[in-house]
Structures are given as structure tokens and as C-alpha cells.
Amino acid sequence: MITLLRTLTKKSYLKFGRYYDMRVGDLLTSQQHRILRFYYFNCDKINFVDEILDEINIPEDFRIEKPGKNPELNFELNEIHNSNMSYKSKRHFEKKKKYSNIAEHRKIKHREARSKGGLRDANQGKRNF
């Protein structure tokens, strides 16, 4: 059976992606509006009821005909939301992004150091740990 179109409510489970086992309402309460907007614009078979579209700040003129997708509209809408953010909020997200990149870099470096090739390179003097 092929899914033609799923219209999700607050009680619906996503059943795909990173938030596979979470409900749409759970994402709304944890302020994950940007992710829900991403799914709306980039997944052609995923739609939300009008109440949720209003809650995640998708205006009437940005809504698309489903099944269909339009990632460019997602980018435009994010730019509009970012321009309306305060300076303090923008700095917060920049700092959060910076620290997440640092943490990701440390994970990769640690993974390389613990791999068989990383240990071999350390033994042969090719890397300084």
C-alpha cells in the first residue's frame, strides 16, 4: 500500500526521520517549529491541519498544494522569521551553533583516534594526540 498523503494532527506520530517516535504535539510543546516547517515544505506527502500550520507560523500565502513540495519557500520563510528575531536571540543561536560544531568536531576527532587506523597512525608517529 502506497501512502498518497498524510494529514497530521497533534496526536499523530511522525513515523519517519529523527523524531520517528514523537507526536507532532510533542514537537510543538518543545518549540520545534522550524523542524515541522521543514517537513511541511520538503516532504511531498506530509501535510498538517490548518490549526498546526497557524501554530508553526506558516501564513496563507506560503501554503502549498499537497502532494507537492517547495524547499525554496521554506528558505524564504526562515529568512523572514530570522529578520524578525531580536539581536539577543540571533546571538544565542549563533553561539549554540558554534558550540554544536565544536562538539561535533570533538566527536569526530575522538572517533578517529579510537579507530584501528587512528591507533596505527599514532603508533607510527603520524599524529599527535
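Each reported figure results from applying straightforward, stated rules to the coordinates on display, with no laboratory input. On a predicted model such as this, the values are computed, not experimentally measured, just so you know. FYI the Cβ positions are ideal-geometry reconstructions off the backbone, even for glycines, and counts take in every protein chain you see.
N70: net charge of surrounding residues, Cβ under 12 Å, Lys/Arg +1, Asp/Glu -1, itself excluded?
0
With point charges of +1 on the Cβ of Lys and Arg and -1 on the Cβ of Asp and Glu, referenced to the Cα centre of the chain, which listed residue (Q124, V49, I108) lies farthest in the positive direction of the dipole?
The residue sitting most towards the positive pole is Q124.
I'd like the Karplus ³J(HN,Hα) series for region 77-85: coefficients 6.51, -1.76, 1.60, θ = phi - 60°, whole numbers in Hz, and an x wherever there's a Gly or Pro.
5, 5, 5, 5, 5, 5, 6, 8, 6
Taking the beta-carbon count within 10 Å as an exposure proxy, list M85, M22 from fewest neighbours to most.
M85, M22
If the only charges are +1 at each Lys and Arg Cβ and -1 at each Asp and Glu Cβ, what is the size of the charge dipole of the chain around the Cα centre, to the nearest 20 debye?
1320
What whole number of Å gives the distance from the Cα centroid of region 69-96 to the Cα centroid of region 29-68?
The two parts, judged by their Cα centres, are 16 Å apart.
Kindly put R37, R106 in sequence by how many other C-beta atoms sit within 10 Å of each C-beta, fewest to most.
Going from least to most buried by this count: R106, R37.
Enumerate the amide H contacts of F48 below 5 Å, restricted to partners 5 or more residues apart or on another chain; note that Pro and chain-start residues carry no placed amide H.
Correct list: L8.
Which of H33, L73, F93 sits farthest toward the positive end of the charge dipole of the chain, with +1 on the Cβ of Lys and Arg and -1 on the Cβ of Asp and Glu?
F93
Going by how many other Cβ atoms sit within 10 Å of their own, how do S86, S12 line up, fewest first?
Neighbour counts put them in this order, fewest first: S86, S12.
Please state the equivalent ellipsoid semi-axes for region 12-69: what are the square roots of 5 times the Cα gyration tensor eigenvalues, largest first, in whole Å?
Here the semi-axes work out to 18, 14, 9 Å.
So if I average 1/r over every pair of distinct C-alpha atoms in the chain and take the inverse, what Kirkwood radius in Å does that give?
17.7
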